[in-house]
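Student: The structure is given below, and queries will be raised subsequently.
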Amino acid sequence: MNSPERIIQEGVSLKSFNTFGIDVKADFLSEIRSAVQLRHLLQEEQWKTKELLILGGGSNVLFTGDVHALVLLNRIDGIEKLREDDHHVWVKAGAGVVWHELVMWCVERGWGGVENLSLIPGSVGAGPMQNIGAYGVELKDVFYELEAMKLDDLSVHTFSNADCRFGYRESVFKRELRNKFFILSVTFKLSKAAEIRTSYGAITAELQRMGVQHPGIREVSNAVISIRRSKLPDPAMLGNAGSFFKNPEIDEQQFELLKQQYPNVVGYPTSPGRVKLAAGWLIEQCGWKGKVVGHTGSHKDQALVLVNYGGATGNEIWQLAIDIKNSVKEKFGVDIEPEVNVY
Ligand code: FAD
Ligand code: NAP
């Protein structure tokens, strides 16, 4: 029986719940507003054997068919300051809070660390999943701890930064613990006198264009917002999930060989002996940038972003991704892996 606390919808279209705008159906969907509600729901007999799929803003998923699961739509709200000392502030946010709203909440109070991550779509709870990153900052740099419910026995666990085993667009939740925990809240440690990071990408040029000489975190946030608005397709206008692939890491030796053949290859050293390649550059060199294939294609300004021009199926987009991956492998001998979670 449905009560206001427990509303289960059946046969729901997920079109408005994923930024690719793929029109598939979920067997069941329920909005989750608290840990207590989640526990009550999952204690019911009928869900004990049903597949579960957690969804936040749907900005990092590709659905290739109907979802035969109970979709748990995370809408756990609330932001609060837990404590502070002379230098830092600890802020806890419900996992369903919109990420950019949290960033704005911190910027307004002058608490730094997340400003470079302005305007990343999606929810706070999905942030740790792939250790979201942009403009030289990753979530792990400001992450303190998170609380998550284990889906099989409904116990609540706290994960420290080390427990999450963050990597480049990676965490334990994307690997070993995939689909095993529902992240309920995340606590961040922010700085009262934040170090301003403007050296990455176009931030410095954008600040100059804006006439800003002594940027603070608000100006950095504004610059990032402005660059992102000018470079990235808005999912509300053109379905997409941001970068479809992760930037691949290769050995320095392989990089040197590539450089001999392709002197303009874009690479950034990561750890000793390892180099990160810009996947967007590789894809562009294979001729995909701006190419339209049926209802889908690689975006004209951002080769790494695959788009739905309207009416695309998830399988169409997935086939394009496979074709792109194969051509990059053939031309450069490099494997690129999807960043997007494919279902
Ligand atoms: P969803 O797409 O809903 O879910 C993603 C995955 O996380 C799914 O597997 C889901 O099951 C799981 N998940 C979601 N919530 C939870 C939870 N509470 N507990 C456990 N698992 C959960 N990403 C970046 O890192 N940097 C960027 O700069 C960036 N820019 C983007 C720009 C655009 C235009 C778009 C469309 C996407 C961009 N992304 C970027 C990708 C995306 O915004 C992030 O990955 C974001 O964190 C996804 O949040 P979400 O709530 O939409 O997650
Ligand atoms: P860009 O500035 O054109 O740079 C292209 C690529 O080179 C990026 O992928 C970036 O890697 C890398 N790069 C640039 N400067 C670097 C430096 N100083 N050191 C190390 N690596 C460097 O990238 P963009 O496409 O406009 O995106 C800007 C930022 O937003 C990037 O950080 C990008 O990751 C992020 N973004 C992410 C998504 C997503 O869905 N994941 C979507 C849009 C934008 P990194 O990606 O490792 O930063």
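Student: Between residue 239 and residues 5 or more places away or on another chain, which pairs have amide H atoms under 5 Å apart, with H built 1.01 Å from N, and which residues are they?
Tutor: When sequence neighbours closer than 5 places are left aside, the close amide H contacts are 308.
Student: Defining a contact as two alpha carbons under 8 Å apart and six or more residues distant in sequence, what relative contact order in percent does the chain show?
Tutor: 16
Student: Using a Gaussian network model on the chain with a 10 Å cutoff between Cα atoms, which of 22, 283, 250 fluctuates the most?
Tutor: Greatest mean-square fluctuation among the candidates belongs to 250.
Student: Let's see if you can work this out: charge +1 on each Lys and Arg Cβ, -1 on each Asp and Glu Cβ, no other charges. What is the dipole magnitude of the stretch 1-86 about its Cα centre, in debye to the nearest 20?
Tutor: I would put it at about 180 debye.
Student: Here is a follow-up. For residue 80 and residue 260, what is the calculated FRET efficiency with R₀ set at 45 Å and r taken between the beta-carbons, to the nearest 0.05?
Tutor: Numbers: r = 55 Å, r/R0 = 1.22.
My answer for the efficiency is 0.25.
Student: Given contacts defined as C-alpha pairs under 8 Å and at least six residues apart, what's the relative contact order of the stretch 142-295, whole-number percent? Mind showing how you got there, number by number?
Tutor: On the way: 148 pairs, mean separation 21.9, N = 154.
Computed value for the stretch 142-295: 14 percent relative contact order.
Student: Given springs between every Cα pair under 10 Å in a Gaussian network model of the chain, which of 44, 249, 115 has the largest fluctuation?
Tutor: In the Gaussian network model the winner is 44.
Student: Related question: Step through the residues of the stretch 26-39 one at a time and calculate ³J(HN,Hα) from phi using the Karplus curve (6.51 cos²θ - 1.76 cosθ + 1.60, θ = phi - 60°), rounding each to whole Hz and writing x for Gly and Pro.
Tutor: Result, ordered by residue: 9, 4, 9, 8, 9, 7, 9, 10, 7, 5, 4, 4, 4, 5 Hz.
Student: Hey, another quick one. How much net charge surrounds residue 12 when only other residues with a Cβ under 9 Å from its Cβ are counted (Lys, Arg +1; Asp, Glu -1)?
Tutor: -1
Student: With θ set to phi - 60°, apply the Karplus curve 6.51 cos²θ - 1.76 cosθ + 1.60 along the stretch 10-24 and write out the HN-Hα couplings as whole Hz, x wherever there is a Gly or Pro.
Tutor: Once θ is set to phi - 60°, the couplings for the stretch 10-24 become 10, x, 8, 6, 9, 3, 8, 10, 9, 6, 6, x, 7, 8, 10 Hz.
Student: Another one. What nm value, rounded to one decimal, do you get for the distance between residue 105 and residue 154 when each label is placed 7 Å out toward the C-beta?
Tutor: Label at residue 105, label at residue 154, 2.7 nm between them.
Student: If you place +1 on the Cβ of every Lys and Arg and -1 on the Cβ of every Asp and Glu, how big does the dipole about the Cα centre of the stretch 250-343 come out, in debye to the nearest 20?
Tutor: Around 180 debye, computed over the stretch 250-343.
Student: In which sequence would 268, 144 go, from the one with the fewest C-beta neighbours within 10 Å to the one with the most?
Tutor: Details: 268 11, 144 16.
In order of increasing Cβ crowding within 10 Å: 268, 144.
Student: Amide H to amide H, which residues 5 or more places from residue 31 or on other chains are under 5 Å from it, using H placed in the peptide plane?
Tutor: 7, 73
Student: So, one more: Hey, got the dipole for the chain? About the Cα centre, +1 on K and R Cβ, -1 on D and E Cβ, debye to the nearest 20?
Tutor: Values: 38 positive and 42 negative charges, 94 e Å.
The dipole magnitude comes to about 460 debye.
Student: Here's something else I'd like to know. Under the Karplus relation 6.51 cos²θ - 1.76 cosθ + 1.60, θ = phi - 60°, what is the ordered set of whole-Hz ³J(HN,Hα) values for the stretch 189-202, x standing for Gly and Pro?
Tutor: Working through the residues one at a time gives 10, 9, 9, 6, 10, 6, 6, 7, 10, 10, 7, 8, x, 9 Hz.
Student: Additional query: Taking amide H atoms as placed 1.01 Å from N in the peptide plane, list the residues 5 or more away in sequence, or in a different chain, whose amide H sits under 5 Å from that of residue 245.
Tutor: It is 339, by chain and number.
Student: Based on the alpha-carbon gyration tensor of the stretch 145-228 and its eigenvalue square roots a ≥ b ≥ c, which shape applies: rounded if a/c is under 1.5, prolate if not and a/b is larger than b/c, or oblate?
Tutor: Here the stretch 145-228 falls in the prolate category.
Every read-out reported here was derived from the displayed coordinates using simple, explicitly stated rules and does not represent laboratory data. Bear in mind the structure is a predicted one, so any value in this text is a computation, not a measurement. All Cβ positions, glycine included, derive from the backbone under ideal geometry; neighbour counts span all protein chains shown.
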